[in-house]
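A short worksheet on the structure shown next.
The values are calculated or read from the model by the stated rules, or taken from the named source; none is laboratory data. All figures in this text were calculated on a predicted structure; none of them were measured in a lab. Quick reminder, even Gly has a Cβ in these numbers, built from the backbone with ideal geometry, and neighbours come from all protein chains shown. Quick note on the areas: whole protein, heavy atoms, side chains included, nothing else; ligands and nucleic acids left out. Shrake-Rupley method; radii C 1.70, N 1.55, O 1.52, S 1.80 Å.
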Amino acid sequence: MRTPRSAPNLAISLATQATTPIAPAAAAGAEIARLCFAGLHFEFEGAPALLEQLKRVPCVRPWDAGAVSEVRGARVTRCRVAAFDAAEALAQAAARSVRSIEWSWRGERATLLGRFVSAELQYSAAESRANARLTANRRGAESLLTALAASLLHRLGGAILHAASLELEGVALALIGPSGAGKSTASRQLSGARAFSVDRLVVAPAEQGGWLAFPLPGGTRSALDLPPTSCTRAPLRAILRVRKSTQGTRLEACSLPMAVALLRESAFHPGVDPDAEQELLAHLQGLAREVPVANLHSSLGTMLGPPLGRWLAQRQTKTADQGQALP
Amino acid sequence: MTNQTTGPSGPVRTGAPPSPLVSAETRLEQCERTACRVIDGKAIVITIDRNELHVLNDVGTRVWQLADGRRLNEIVDAVVQEFEVDRERAALDVYRFAEQLLAVGAARLSKGGA
């Protein structure tokens with residue numbers, strides 16, 4: 001089993017594929033944009049118009065110099081961007097029918113495939129320097145950031161989940177399950193909860209221990225019918241696989257293997273690389289060991305907050321496969 | 001995505017017909033296009049191309065681990081040694097489980113030796 005952790009101090013330099021002219025690295029007028037996305041800190045160098053596209057991506061937040069190591073092992077990622085408007089990229093992306101973001105690492109090389117972006121990254125851990133070739137279309141800014149974050153987080157031990165998530169008293173609660181599982185219904189059963197993310201959630205091991213959650217673009221927070229939170233990151237407190245129930249609301253803790261299976265079911269998969277799958281499973285096992293995962297059998301008309309709080313407080317003393325009926 | 005394959009530990013199925021696809025001399029091996037992680041004695045097996053996930057029980061996990069091109073009768077021998085099960089039932093269950101692994105694309109028949 002390959003080690004899931006990368007060497008710290010990643011540095012990525014990004015340039016476009018030769019489908020469009022690549023601007024010189026130190027082109028006149030190039031600027032630096034520092035921003036945070038998915039818990040990672042980026043320094044992008046490029047034309048102001050391109051940097052503006054990056055800044056407008058949802059869930060991008062201002063540079064937080066005091067928290068550059070909030071994701072374990074992460075440092076500032078330096079990227080060079082020349083253009084997002086590659087004429088051939090749209091046709092390529094459509095032809096590939098990429099379902100989500102796919103990536104694979106082979107030693108110091110990574111290949112990324114997103115819906116609107118593809119890139120090849122290469123970095124030297126010894127030199128803490130990397131280069132990449134990028135193809136993206138007009139919608140490439142969001143896809144580029146997401147693909148970069150996904151691949152880097154994969155190296156750093158994190159993952160991206162298909163999850164609705166809530167912020168409740170400063171911590172994040174992830175609700176996973178397919179469409180129609182009852183995530184929105186369950187979210188309304190938590191008094192005081194606010195919408196954190198609707199569709200995609202970054203989970204990453206925190207520099208200070210535990211796991212952090214970061215929202216990603218996708219969906220609209222109004223879909224949860226909850227007021228949005230102002231939090232852009234929060235400690236991840238629990239992950240609940242929501243299931244509709246007509247027999248009362250109850251929480252059922254998962255065994256570790258089943259928890260990993262449920263997380264994998266909800267995780268962005270790395271595509272076609274068995275080694276990347278192995279690494280993702282290792283990451284999810286680490287997540288399931290530190291963050292409680294449970295099946296939530298949810299019935300209408302039941303408030304979830306108080307019993308959930310009690311369950312979380314008591315879980316330290318519960319065996320992994322013991323179910324607990326809620327009052 | 002989750003598709004649980006329990007593995008050969010179900011109830012005794014006496015009188016069941018012999019497997020038409022596999023036999024004691026069948027050699028079984030894991031497909032290369034799979035990923036697996038054993039957690040608390042249970043294997044999580046992902047078939048990459050089908051994007052399916054299977055959680056195996058203890059016996060299924062052992063059979064999976066032994067599926068390296070060796071014959072099924074050798075796998076049955078190991079199961080009989082390591083678990084409290086008589087050979088007849090172990091053989092029947094291992095054959096059926098091998099068929100399940102073949103059906104979901106997690107394993108394939110091997111012509112070579114282990």
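With a point put 7 Å past each Cα toward its Cβ, work out how far A:GLU108 is from A:THR185 in nm, to one decimal.
5.4
I need the shape label for region A:207-270. Rule: rounded when a/c is under 1.5, else prolate if a/b > b/c, else oblate, with a, b, c from the alpha carbon gyration tensor.
Oblate shape, in that a/c is at least 1.5 and b/c is the bigger or equal ratio.
List the residues, sorted by chain then number, that are 5 or more residues from B:ALA107 or on another chain and whose placed amide H is less than 5 Å from its amide H.
B:CYS31, B:LEU102
Suppose R0 equals 35 Å; then what is the FRET efficiency for B:ARG50 and A:LEU256 from their Cβ-Cβ distance, rounded to the nearest 0.05?
About 0.90, to the nearest 0.05.
Quick check on region A:163-257: of the DSSP beta bridges with both residues there, what percent are antiparallel, nearest 5%?
Of the beta bridges lying entirely in region A:163-257, close to 70 percent run antiparallel.
Using only the Cα atoms of region B:30-114, what semi-axes does the equivalent ellipsoid have when each is the square root of 5 times a gyration tensor eigenvalue? Give whole Å, largest first.
Calculated on Cα positions only, the semi-axes equal 21, 15, 11 Å.
Would you pull out the residues with amide H under 5 Å of A:ALA172's amide H, same chain only if 5 or more places away, H placed 1.01 Å from N?
Residues meeting the criterion, in which the H sits 1.01 Å from N, are A:LEU236, A:ARG237.
Once you place label points 7 Å from the Cα toward the Cβ at A:ASP275 and A:ASP199, how far apart are they in nm?
3.2
Net charge near A:LEU296: determine it from the other residues with C-beta under 12 Å of the C-beta of A:LEU296, scoring Lys and Arg +1 and Asp and Glu -1.
Local charge sum for A:LEU296: +4.
Would you mind giving the total buried accessible surface between chains B and A, with a 1.4 Å probe and ligands, DNA and RNA left out, rounded to the nearest 100 Å²?
1600
From the phi angles alone, apply the Karplus equation (6.51, -1.76, 1.60; θ = phi - 60°) to region B:90-105 and give each ³J(HN,Hα) in whole Hz, x where the residue is Gly or Pro.
Running phi through 6.51 cos²θ - 1.76 cosθ + 1.60 with θ = phi - 60° gives 4, 4, 4, 6, 5, 4, 5, 5, 4, 5, 4, 4, 5, 5, 8, x Hz.
Please compute the modelled spin-label separation between B:ASP68 and A:ARG243, points set 7 Å along Cα→Cβ, answer in nm with one decimal.
3.6
Using the Karplus equation 6.51 cos²θ - 1.76 cosθ + 1.60 (θ = phi - 60°), what ³J(HN,Hα) coupling, rounded to whole Hz, does each residue of region B:65-76 give in order, writing x for Gly and Pro?
5, 7, 6, 10, x, 7, 6, 5, 5, 5, 5, 4
Below 9 angstrom from the Cβ of B:VAL59, what's the summed charge of the other residues (Lys, Arg +1; Asp, Glu -1)?
Around B:VAL59, the surrounding residues sum to -2.
May I ask for the net charge around A:GLU70, where only other residues with Cβ less than 10 Å from the Cβ of A:GLU70 are counted and Lys, Arg are +1 while Asp, Glu are -1?
Around A:GLU70, the charge tally is 0.
Inside 10 Å of the C-beta atoms of B:47-58, what's the mean count of C-beta atoms belonging to other chains?
What the average comes to for B:47-58 is 3.
Quick one: how many Å² of B:LYS42 are accessible to a 1.4 Å probe, rounded to 10?
Spelled out: B:LYS42, probe radius 1.4 Å, area about 70 Å².
Would you grab the residues whose amide H sits under 5 Å from the one on A:LEU304? Only those 5+ places off in sequence or on another chain, please, with H modelled 1.01 Å from N.
The answer is A:LEU190, A:SER191.
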